[in-house]
Each structure stands twice: as structure tokens, then as C-alpha cells.
1. Filter segment 1-32 down to residues that are open to solvent by less than 50 Å² (accessible area, probe 1.4 Å) and of a type outside the set (A, V, I, L, M, F, W, C), then give me how many there are.
2. Can you list residue pairs whose Cβ atoms sit under 6 Å apart, with the first residue in segment 151-178 being polar (S, T, N, Q) and the second being open to solvent by 40 Å² or more (accessible area, probe 1.4 Å) and part of a strand (DSSP E or B)? Count only pairs 6 or more apart in sequence or on different chains.
3. For segment 47-73, name all the residues that are open to solvent by 20 Å² or more (accessible area, probe 1.4 Å), touching a helix residue (DSSP H, G or I) at 6+ places or on another chain (Cβ under 6 Å) and under 25 Å from L2 (Cα atoms).
4. For segment 28-46, which positions are over 13 Å from L63 (Cα atoms) and either polar (S, T, N, Q) or without any contact (Cβ under 8 Å) to a residue 40 or more places away in the chain (or both)?
5. Looking at segment 74-91 only, could you name the residues that are open to solvent by less than 50 Å² (accessible area, probe 1.4 Å) and over 14 Å from L56 (Cβ atoms)?
6. Given the options A113, A136, A141, A105, name the one that is more than 24 Å from F86 (Cα to Cα) and at pLDDT 95 or above.
Amino acid sequence: MLKQENTGLIVVDIQGKLARLVHDSDTLISNCEKLIRGINALGLPIIFLEQNPEKLGKTVTELSTILPTYNPITKYTFNAGATPEFMKKINASNVDTWLICGIEAHICVYQTALHLYQSGLNIQIICDCISSRTFANKNLAITKLASRGLDTTCLEMCLYELVKDCRVPEFKEILSLIK
């Protein structure tokens, strides 16, 4: 079960034209916006990544404007774990459970998630907050990660696990995102 005390979010490469080309891109961006708003409401840490932004572009506006601070970690490797600044942030956090959303599921999301999991962290892939250019590649990533022991969740499931109780002040905001 997810706990607010040790959970954070990693947003992987939802940027530029590619964010508009992935399978069901409008739903992906909308779900990631709800997820980020929910994580913000709960006060949890967010790390976000941009793959080669000089070529691919910046994080889409719908997301960059709601991130606590627009301070992405630039990477050039598909596995963010090979980027020292990213691993420094991961290691400096008090987080051992990371939710992951982003694109492309079968490349950067897959490689980053597997690296972090193999490094001993708890990783949950938010299946309705990841995508690839094809639906088949998204499903392949989920299947391969699950076969290696990584957990999957969805937007609504993870937010309700984190909020836990309908009496807490954050619940109203979470509920408004899900409706």
C-alpha cells in the first residue's frame, strides 16, 4: 500500500511534438495533469525529466505550468539512472517508493523504472499515465516490467491509496480531479 511518507513521482519526458504523437495523447496528458495536481495536493516530491530538450522540445505546457518549480533534469540517456543529477536527487530524497508516468513506455519509462527497481527502490508504473507511439509498445513495456516484479497501478488507485481517508482536507481536491 502506498504511503505519503515515502512516495514520490517521476515524470518522464512528456515533451514537445512527441507528447502529441503517442497513442491516445490527449488522455495521457489529461491523466498526468490530474496525477501531478493530486501529488501536489498531497505535498509529495516530484522529479521530472526531459530527454534532449534541444531536439525534442520542453515539457508540454499543460504539465510544466503545474509543476511546483519548472526545473527539469535534462538527460540524453534513455535510462535516467545513467544521469548523475537524477540519481543524486533520488538518493537525496527520503523516498523509497516512486510512481512513474511518462513516455515512451517501452524506452525511457521502461529503462528508468527497471534501473530504479534493480537499485532496490519500490517502483509503481501508472498504467493510464504512460504511453508510446503504439499501443502495442505500451503493453509490451507493462508486460515486461510486471514479469520482472514491478508493480502497476492507475491514476485513481494510487491517489486514493495515498489519501487513505475521505475526512482529510486533501480528499476534496483528489475527488474533484477524479470526477
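1. 9
2. From segment 151-178, the pairs are T152/C127.
3. Within segment 47-73, just I66 meets the criteria.
4. G43 - this is the single residue of segment 28-46 that is over 13 Å from L63 (Cα atoms) and either polar (S, T, N, Q) or without any contact (Cβ under 8 Å) to a residue 40 or more places away in the chain (or both).
5. N79, A80, G81, T83, F86, M87, I90
6. One residue alone meets the criteria, A136.
The values are calculated or read from the model by the stated rules, or taken from the named source; none is laboratory data. Quick caveat: nothing in here was measured; it's all calculated off a predicted structure. Neighbour counts are summed over all protein chains in view; Cβ atoms, including those assigned to glycine, are modelled from backbone coordinates with ideal geometry. These area figures cover heavy atoms from the full protein model, side chains too; ligands, DNA and RNA do not enter into them. Shrake-Rupley method; radii C 1.70, N 1.55, O 1.52, S 1.80 Å.
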